[in-house]
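**Student:** Quick one: structure below, then a few questions.
The values are calculated or read from the model by the stated rules, or taken from the named source; none is laboratory data. None of these values were measured; they are calculated from a predicted model. Here the Cβ is made from the backbone with ideal geometry for all residues, glycine too, and neighbour counts use every protein chain on show. The area values use the complete protein model at the heavy-atom level, side chains included, leaving out ligands, DNA and RNA. Shrake-Rupley method; radii C 1.70, N 1.55, O 1.52, S 1.80 Å.
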Amino acid sequence: MSNEPISTGIAGLDILLHGGFSRGRSYLFAGEAGSGKTIACLQFVAARLKAGDKAVYVTVDERPSEIFEAAAAIGWNLQPYIQDKQLIVLDASPYFGARGGGEKGIDPQKIVADLGNYVRRLGAALLIIDPVTPFSLPPDASSPAQDQARSLIQLVQTQIGVTNLLTAQRAPGGAEPTTIAIEEHLASGVLIFKLTETADGYERSVTIKKMRGVAVAPKKYPFTLEQDRGIVIDLPDHAPTALSNPAPMFECFDPSKPSN
Ligand SMILES: Nc1ncnc2c1ncn2[C@@H]1O[C@H](COP(=O)(O)OP(=O)(O)OP(=O)(O)O)[C@@H](O)[C@H]1O
Ligand SMILES: [Mg+2]
């Protein structure tokens, strides 16, 4: 597996992350409803599929057809990737319907084994679970939700081992549910999507709350949603070269060269 970062599909974010995401890690996109989490996932997936990766996308709240429509509304046609067996979209809503997990509970081992089979059969490099929150609900009232969330994410990381994107709903400005705190803790990177009220509506923004191994300020970056481009983060005064190519601090001693 290459150590080269992979593009997030969002040019401004790639600059902020000094290249993009690392393969094999878990990333969490958290935010309130309509803040752009699914669009960000689709933008990443569309870019990776174009680059030749294969992906498994798990939906819970939206039907697969709605995911395709959301992507098509921006200008990304994902249908050919299904036909070419580069993309599988799994609808997990039956798990959570009237006959689903509610009564029996959801076993993280079983979920991860099932997802792992799909990932391996396809040869996928990416797994997206949008949203992961329903999978974090405990099988019975006596089991803590945070244990369920922890075991699910740890199993995904250890047993599936591909780059994975998880989304989680977060109340606007409110206290975080404990499961999100666990998900944020276990993910290598956490992006917070926000809608902030302005004089004439709402402004969208993203904050890199955490990104292991990357020096990045946790500040709010406003973004717009644009046709054919999706999420566009404007970084007018950003000078990426200063951070991504720092001047070497040490010089390696070479006895064959004359010293000065
Ligand atoms: N082509 C488009 N151009 C502009 N805005 C768009 C476009 N497509 C979707 N949107 C906006 O993006 C919003 C949806 O964003 P998204 O589905 O990513 O939110 P989300 O954070 O996943 O929400 P939820 O938690 O409900 O799933 C819509 O409410 C819509 O206003
Ligand atoms: Mg969504």
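**Student:** Please specify each residue of region 177-212 satisfying the condition of being part of a loop (DSSP other than H, G, I, E, B) and over 20 Å from GLY34 (Cβ atoms).
**Tutor:** Result: ALA187, SER188, ARG212.
**Student:** Just checking, does region 213-221 include any residue being part of a strand (DSSP E or B), more than 16 Å from ligand 2 (Cβ to nearest atom) and open to solvent by 60 Å² or more (accessible area, probe 1.4 Å)?
**Tutor:** yes
**Student:** Look at region 33-53 and say how many of its residues are farther than 17 Å from ALA168 by Cβ and within 16 Å of ligand 1 (Cβ to nearest atom).
**Tutor:** Qualifying residue count, region 33-53: 4.
**Student:** ALA71 passes all but one of (1) more than 15 Å from ligand 2 (Cβ to nearest atom); (2) crowded, with 20+ Cβ neighbours inside 10 Å; (3) part of a helix (DSSP H, G or I); (4) of a type in the set (A, V, I, L, M); which number fails?
**Tutor:** Evaluating ALA71 over (1) more than 15 Å from ligand 2 (Cβ to nearest atom); (2) crowded, with 20+ Cβ neighbours inside 10 Å; (3) part of a helix (DSSP H, G or I); (4) of a type in the set (A, V, I, L, M) leaves (1) as the failure.
**Student:** Residues of region 126-162 being of a type in the set (S, T, N, Q) and either surrounded by fewer than 24 Cβ atoms within 10 Å (Cβ to Cβ) or over 17 Å from the mean Cα position of the chain (by Cα) (or both), which ones?
**Tutor:** Answer for region 126-162, where residues must be of a type in the set (S, T, N, Q) and either surrounded by fewer than 24 Cβ atoms within 10 Å (Cβ to Cβ) or over 17 Å from the mean Cα position of the chain (by Cα) (or both): THR133, SER142, SER143, GLN146, GLN148, SER151, GLN154, GLN157, THR158, GLN159.
**Student:** Next question, about the same structure. So which residues in region 166-188 are among the small types (Gly, Ala, Ser) and within 14 Å of ligand 1 (Cβ to nearest atom)?
**Tutor:** Matches in region 166-188: ALA168, ALA171.
**Student:** Here are the criteria: (1) out of contact with any Leu (no Cβ under 7 Å at 6 or more places or on another chain); (2) farther than 21 Å from ARG23 by Cβ. Tell me which single one ALA145 does not satisfy.
**Tutor:** (1)
**Student:** Restricting attention to region 21-66, which residues are more than 13 Å from ligand 2 (Cβ to nearest atom), open to solvent by 10 Å² or more (accessible area, probe 1.4 Å) and under 18 Å from SER205 (Cβ atoms)?
**Tutor:** Within region 21-66, none qualify.
**Student:** Another question, then. Which ones in region 1-43 are in a strand (DSSP E or B) and among the aliphatic types (A, V, I, L, M)?
**Tutor:** Across region 1-43, the qualifying residues are ILE6, LEU28, ALA30.
**Student:** Right, something else. Looking at THR163, THR178, can you tell me which residue is touching a residue at least 60 places away in the same chain (Cβ under 8 Å) and of a type outside the set (Lys, Arg)?
**Tutor:** Matching residue, one of THR163, THR178: THR163.
**Student:** Given the conditions (1) within 16 Å of ligand 1 (Cβ to nearest atom); (2) in contact with a strand residue (DSSP E or B) (Cβ under 9 Å, 6 or more places away or on another chain), and given that GLY12 satisfies all but one, which numbered condition is not satisfied?
**Tutor:** Evaluating GLY12 over (1) within 16 Å of ligand 1 (Cβ to nearest atom); (2) in contact with a strand residue (DSSP E or B) (Cβ under 9 Å, 6 or more places away or on another chain) leaves (1) as the failure.
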